[in-house]
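In what follows, a single structure is set out as C-alpha cells and then discussed.
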Amino acid sequence: MLKKLASLLFIFVLALPLQAQQPKKLNASQIHDAVKKLNFLGTVLYVAAHPDDENTRLISYMSNQIKARTAYLSLTRGDGGQNLIGPEIRELLGVIRTQELLAARSVDGGEQRFSRANDFGYSKHPEETLDIWNKDQVLSDVVLAIRQFKPDIIINRFDHRTPGTTHGHHTTSAMLSVEAFDLTNNPNIYPEQAKTYGTWQPKRQFFNTSWWFYGSQENFEKADKSKLLNFDIGVYYPSKGLSNNEIAALSRSKHLCQGFGALTQRGSQTEYIELINGDLPKDKTNLFEGIDTSWNRVKGGKTIGDILKKVETNFNFENPSIHVKDLLLARQLIQQLDNDYWKNYKTQEIDAIIEACLGLYLEASASTPTASAGETITLNIEAVNRSPINMELVSYQLSTDKTATLKALPLKNNDKQNVEQSLTIPKNIQPSSPYWLNKKGTLGMYKVEDKNLIGKPETPRPISVTFNVTINNQPFSVTKPIVYRYSKPDKGELYRPFEIIPEASAKISEKVIIFDSDQQKDISVIVKAGRDNLNGFVQIAHPNNWSVFPEKQNIDIKYKGETQTLTFTVIPPKNQNEGLITPMVHVGEDVYTRELVEIDYEHIPYQTVVLPSESKVVRLDIKKRGENIAYIEGAGDVVPESLRQIGYNVIVLNPEDITTERLSAFDAVVVGIRAYNILDELKFKQQILFDFVENGGNMIVQYNTSHRLKVDQLSPYTLQLSRDRVTDENAEVTLLEKDHPVLNYPNQITKTDFEGWTQERGLYFPNQWSNKFTPILSMHDKGETEKQGSLLVAKHGKGYYIYTGLSFFREFPAGVSGAYRLFANMLSIGKDNLDNKEQFKD
C-alpha cells in the first residue's frame, strides 16, 4: 500500500509546475531508487547542439533503468531560436531555454552541461558553423566536459559523417565529440585542464540513430545492423507508476518556449545506437559489458558495496531511518577512497539519501526575494528531524561568514527549531546574473573569464548556509542555498531564488527608438531601487551629434522595488544616423549603467538578469502611406511595437475578432510569424482576410513553416512553402524588379538597405508560386542556387497580398533601417496613384 501511495505521489509531483528552489522531499520509493543508483558506478554523456536536441527517452532510460550517472552536453543555450511563449529573444531566450533544460533533467534524472558556443542562428554546414564559433574553445569545452564527467559511454545525437544534411550546429556537435574522444586521454592536449581534472578515456562512443537517418523504414530494414545496439525504452517502472517513455514525454514537455508540450506515450519502443568508437559489446543488450559498474570498480569499494547492497535488498519502506547507521558507515568508507571522482560524486548521492531517510528538513529563507550589497536582511533558519534518531544542530555557517554560529540545539523527532539570523550582504558581492552574460562575447562565443564556471548550467547561488549536525554523535553537514519562501492565495506555497541585485538599475522603455524625421521625441527612463531610500541623479550618454535635455534629473525613491520614471527629450540629427544611448544612475560615488531584467514563467524558476542598459536610436529617412494596421500575433515578436515607432496606428486583433466589419477600419493586415502554425482559428478566417484584400486592403504574411500548417490555402493563389533559407546575413541581395512599386514607393530601396542585417536574411521561403506573384528579390548562401521566394507580391482585386520570409522579426529589434523602409513600402503599396502601378500583374 505504501509503495502504491509513493508512486501516486511521484506522479503528482511530476504533474505540478516546477517551482523555483522547491526543496526535494523524497518519498520512500524514491529513496530506494536513489540507493539503487548509488550502487551503480557507470556514466553516460549524451552530446548534441541545442536545448531540445536531446533524446529524453534515452537519457531517462540510462538514468532510471540502467541507473547510470547520465548528463546531456548541449553545446549552446539555444539563443538563436524563436520564442512561442513570450517576447524574449537572443540572450534572454537562452536563459529561458537553459532553465527549461534543467527542468527537463529534474524529470528524467539526468544532469546538464554546456559549452561556451553561442547559438548564432541556423547554419547549413559545419564549415559555416566553425567560421563563427571558435573551434579550439568549443573543442576544449567538450574535452573539459569529458574529463570532468568521466563518461564510460558517449552517445552523439547526430551523425558526424553527414555534413550539410542537417543544421550545421548539429553535425558540428558530433564531429567535435568524435574528435574529443581521441584527445581526452592525452595530457598534452589542453594541459592546464588535464592537470586539474586528469585525463580520461571513454570506453565506447555511439551515434543515436533511427530509421529517419536512413530515409525510410524500408531502407532501415535493409541496412547492416551489425554495429547497432537496441533497447526497449518503453519499459515500465512500478516504483514510479510511470513508463520510461511517459517520463521522457514529461521531460520533453518542459521545452515550452519551443512548443514541445506533448501527450505522454506508453508501450514498447525501440531505440538504436550505432558504435563509432571503441569495442562493440558481445552482449548487445549490455551497453556496459566489460566495464565494472559495481563498487569493486574502486579500490576499497567492496566493503562499501556489501553494506549498500544490504540496504538496497532489505530496504524498509515504512521506516527508512533504520538504514541511517549503515549509510553513515558506508559514507565514512567512501570518504577514505583514493578515487576523488567517485568519492566526491558518491558522497553527494549518499548525503542526499541520508537526509531523506531522516526526513531531515533544513531551510534558510530570506525575508525578501532580493537584496543589494550592504543591505541587511533577516533569515529564518528552520531545522526539523522527522525520525527517532538522536540528532543535534551543532552550528550553521553562512558562506559570507568566516566562523560558524554555534547553537547546540537538540533535534527531537518532529520538533521544529526556528532561528532568526541577521545577514548583511557583503559590499563586494556581485549581482546574481547568468555568468555567461557578464562580459560581452562575440557572435559565436560567450566570454567566460572564470574558468571554474565553464560548462556549468547556471551561476552558483550567491549565498548559502551550511548546517552542521550530529547524527548519533557522528558529524554530518548539509549545505543549502538561501531561498525566498512565500505564498499566494490562488497558488499556495511558492519558492523563488534569493538574488543579489544592484542598488540601482535603469532602463529605457524602448530598446529601439526610431525617428522618422528630425523632430524631437520624449523617452522614458525607468529607474528601479534595489534598496530603500535611493537618492541620486540620472544622465543619458548619447552620440555627439544627438542632443538630450535636460542634462540630468534627480531621483528619490523611498522603498526597495519601487521605480521612478523620468522623461528626457532626445533631438536627432538632420540626416539619417544611428547610435546608442545609455542611462547612467549616479548614487554617491557609484555609477550604474545596467538594467535588471526579470523573467517569470511558471514552468521554470524566477530569473533575474543584469544586462548593459542601452537603446538604439535611429534617425531614419523614411516615408509611409496608410495609417491603421491590424496585427494578428503569431509565435511572438515585436513587430507591432516597431511599426508604432514609425508612426503607424497598430491594433492587435485576436482571430475571433476578425470580421468584415472590423477589418474595414484598417489599411493593412499583418500576420505575425508562424501564426498559421499555431492559431487554429485562422482557418475559419481566411476568406474574410482574402475578401479584405480584394476590396482594397493590403495583407502581409510573415514566415510560416510547412509543417503543421493550420490552413489548406495560405494565400489567394497557389503558394508552396519550403525549407529554403538564407542564413548569411551579409548574403548579396539582387533586386529582381527594380521598377516595382514595392521597391520605389514611397521609399527608394537599394542594396544599401540590406546592410547591417542580423542573424540571417530570411527563412522558410516558398519555392513554388502562381504567376500571379512577382518575386522581388534574389539571394543565396555560399555554394547554393539563387532563392527568389523571400518576398512575393500579388495583386488581388483592389488590394495586395504579400508573403515574406525575410526576418523582419529579427531586424526590427536590431533597429535595421533598411528593414523598416522596405516594410513601410509593403504597407504603402497601392495607397497612392503611381505611374508604374499598372505594370503590376493582375
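No lab work stands behind these numbers, since they all come straight from the coordinates. Model, not experiment: these values are computed from the prediction. A quick note on method: Cβ atoms are made from the backbone with ideal geometry, for glycine too, and the neighbour counts reach across all protein chains shown.
For a paramagnetic label modelled on S722 (point 7 Å from Cα along Cα→Cβ), amide N atoms under 18 Å away belong, within the range 121-147, to 123-125. Using just its DSSP H runs of length 4 or more, each adding -39500 (n - 2.57), the chain gives a mean residue ellipticity at 222 nm of -6500 deg cm²/dmol after division by all residues. Say the dipole of the chain comes from +1 at the beta carbon of Lys and Arg and -1 at that of Asp and Glu; which of P87, P431, T405 then lies farthest toward its positive end? Farthest towards the positive pole: T405. Gain on full extension, evaluated as 0.36 nm per residue between R708 and K491 minus their Cα-Cα distance, stands at 74.7 nm. Does anyone have the angle between helix 135-149 and the longest principal axis of the chain? Alpha-carbon axes, 0 to 90°, nearest 10? Tilt of helix 135-149: around 30 degrees. Taking a ≥ b ≥ c as the square roots of the eigenvalues of the Cα gyration tensor of the range 67-117, is the shape rounded (a/c under 1.5), prolate (a/b larger than b/c) or oblate? Oblate is the answer for the range 67-117, as a/c is 1.5 or above yet b/c matches or exceeds a/b. Once semi-axes √(5λ) of the Cα gyration tensor in Å is calculated for the structure shown, the corresponding label among (i) 47, 37, 25; (ii) 41, 33, 30; (iii) 51, 35, 24 turns out to be (iii). Its Cα centre serving as origin, the range 628-839 has a Cβ charge dipole (Lys and Arg +1, Asp and Glu -1) of approximately 200 debye.
When +1 charges are put on Lys and Arg Cβ atoms and -1 charges on Asp and Glu Cβ atoms, the dipole computed for the chain relative to its Cα centre reaches about 2080 debye.
How tilted is helix 2-15 with respect to the longest principal axis of the chain? Cα atoms for both, answer in degrees (0 to 90, nearest 10). Around 20 degrees separate the two axes. Each peptide in 502-513, 193-204 receives the mean, over its residues, of other Cβ atoms within 10 Å, and ordering these scores from highest gives 502-513, 193-204. Of the peptides 403-410, 667-674, the ranking by mean beta-carbon count within 10 Å, highest at the top, reads 667-674, 403-410. Among the listed pairs K37/K343; K36/K254; K254/K507, those whose Cα-Cα separation exceeds 20 Å are K36/K254; K254/K507.
Remark: the range 618-662 carries a charge dipole of roughly 380 debye about the Cα centre, counting +1 on each Lys and Arg Cβ and -1 on each Asp and Glu Cβ. All distinct Cα pairs of the range 655-782 go into the 1/r average, and the inverse of that average, the Kirkwood radius, is 16.4 Å. The length gained by stretching the chain between F40 and E318 to full extension, at 0.36 nm per residue less their Cα-Cα distance, is 97.7 nm.
How would you classify the range 504-619 from its alpha-carbon gyration tensor, with a ≥ b ≥ c the square roots of the eigenvalues: rounded for a/c under 1.5, else prolate if a/b is greater than b/c, otherwise oblate? Don't skip to the end; give the middle numbers.
On the way: a/c = 2.44, a/b = 1.46, b/c = 1.67.
Verdict is oblate for the range 504-619.
May I ask for the angle, rounded to the nearest 10°, between helix 324-335 and the longest principal axis of the chain, with both axes built from Cα atoms and the value confined to 0 to 90°? Relative to the chain, helix 324-335 is tipped by roughly 80 degrees.
Shape analysis of the range 41-292 places it in the rounded category; the axes a ≥ b ≥ c from the Cα gyration tensor give an a/c below 1.5. Each label point was placed 7 Å from the Cα along the Cα-to-Cβ direction; for D401 and D739 their separation is 8.4 nm.
A dipole drawn for the chain from +1 and -1 charges on Cβ atoms has a positive end, and of P573, Q112, Q553 the residue lying farthest that way is Q112.
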